[in-house]
Amino acid sequence: MSTPLIRARNLTRVYRLGGGDVHALAGIDVDIERGEYVAVMGASGSGKSTFMNLLGALDRPTSGTLVVDGASLADQTPDQLAAFRNKSVGFVFQQFNLLARTTALDNVSLPLIYRGMSAAKRKARAEDCLRMVGLGDRMDHHPSQLSGGQQQRVAIARALAGEPSILLADEPTGALDSQTSADVMGIFDELNTSGITIILVTHEDEVGAHAKRRLWFRDGLIVEDQR
Ligand code: ADP
Ligand code: MG
């Protein structure tokens, strides 16, 4: 059998605070294969974002092992982690995090500078990605000229532009009304059908139902792995 895209063993993240330690992740074991569509579910404070931040190398484990896309994230240098983030993961956040004074096209194409692509290639790739999320007719709009759902679609296009191995989304529909949320989930569904690995955090059952696998978190542990 080939190695899974993600392998976590006894994955632990402890925040050391004055008043005592917080075991945000208390020793997680999980494998996720290429092409999976996984929802990370559970109550507020159960460790979902901590897990996602480790997967995306935005944070480092306290102990345990974590191998993602061939990189052992527990023992990489900061430069190696930055290279991993740039190559392997695309992030989508609840609050879109778009550049306000910048067109949709530039929001998507600017991060590609770090991939050493020519301006013409960046523009072509950004246009492709915006079309993929149904925004072919909104490329010159600024975020303030777009609805919340459209802004989130720009953020998804930006996350895809670098052809990441994994799309990580932390509460991507948390700021959207239910109809818009359904539209955005439709895009994730299509992307997964086209082969992209998706891991998304949600505490909404309706959103989690789109995924093919649900990992339920409680008190820093996976208490149910539901397929
Ligand atoms: P979730 O995303 O499921 O709501 P988090 O992963 O954000 O949960 O948090 C898990 C636990 O870790 C919570 O008890 C939270 O208060 C704590 N925590 C998260 N981030 C920090 C931090 N930077 N410093 C200290 N404690 C934190
Ligand atoms: Mg969270």
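Quick look at the numbers
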item	result
Amide H contacts under 5 Å for Ser46, placed H, 5+ residues apart	none
Global geometry of segment 118-181, whether rounded, prolate or oblate, following the gyration tensor of its Cα atoms and the 1.5 cut on a/c	oblate
Within the chain, helix-based [θ] at 222 nm, where runs of 4 or more DSSP H residues each add -39,500 (n - 2.57), nearest 500	-9500 deg cm²/dmol
Amide hydrogen neighbours beyond the local backbone of Ala57, cut-off 5 Å, H modeled	none
Whole-Hz couplings from phi, Karplus 6.51/-1.76/1.60, listed for segment 123-139; x for Gly and Pro	5, 4, 5, 5, 4, 4, 5, 5, 5, 4, 9, x, 10, x, 9, 10, 5
Estimated vicinal HN-Hα couplings, Hz - segment 154-160 in sequence order (Karplus 6.51, -1.76, 1.60; Gly, Pro = x)	4, 5, 5, 4, 4, 5, 7
Centroid-to-centroid separation of segment 120-153 and segment 91-115 [C-alpha atoms, Å]	10 Å
Order of exposure, largest accessible area first, which applies to Arg34, Arg85 with probe 1.4 Å	Arg34, Arg85
Heavy-atom accessible area per residue - the chain, 1.4 Å, Å²	48 Å²
Overall form of segment 1-116 per C-alpha gyration tensor (a/c, 1.5; a/b vs b/c)	prolate
The chain: antiparallel DSSP beta bridges as a percent of all, rounded to 5	55 percent
Heavy atoms of Phe188: accessible area, 1.4 Å probe, square angstrom to 10	0 Å²
Whole-Hz couplings from phi, Karplus 6.51/-1.76/1.60, listed for segment 95-104; x for Gly and Pro	9, 6, 6, 8, 7, 5, 8, 9, 5, 4
Accessible surface of segment 3-112, 1.4 Å probe, proportion on carbon and sulfur as whole %	51 percent
Shape category assigned to segment 82-227 from the gyration tensor of Cα positions, a/c cut at 1.5	prolate
Under-5 Å amide H pairs with Thr62, H placed in peptide plane, nonlocal only	Thr12, Arg13, Val14
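The values are calculated or read from the model by the stated rules, or taken from the named source; none is laboratory data. Keep in mind that this is a model prediction, so the values were computed, not measured. When the accessible area is computed, the model is the full protein with side chains, heavy atoms only, and any ligands, DNA or RNA have been set aside. Shrake-Rupley method; radii C 1.70, N 1.55, O 1.52, S 1.80 Å.
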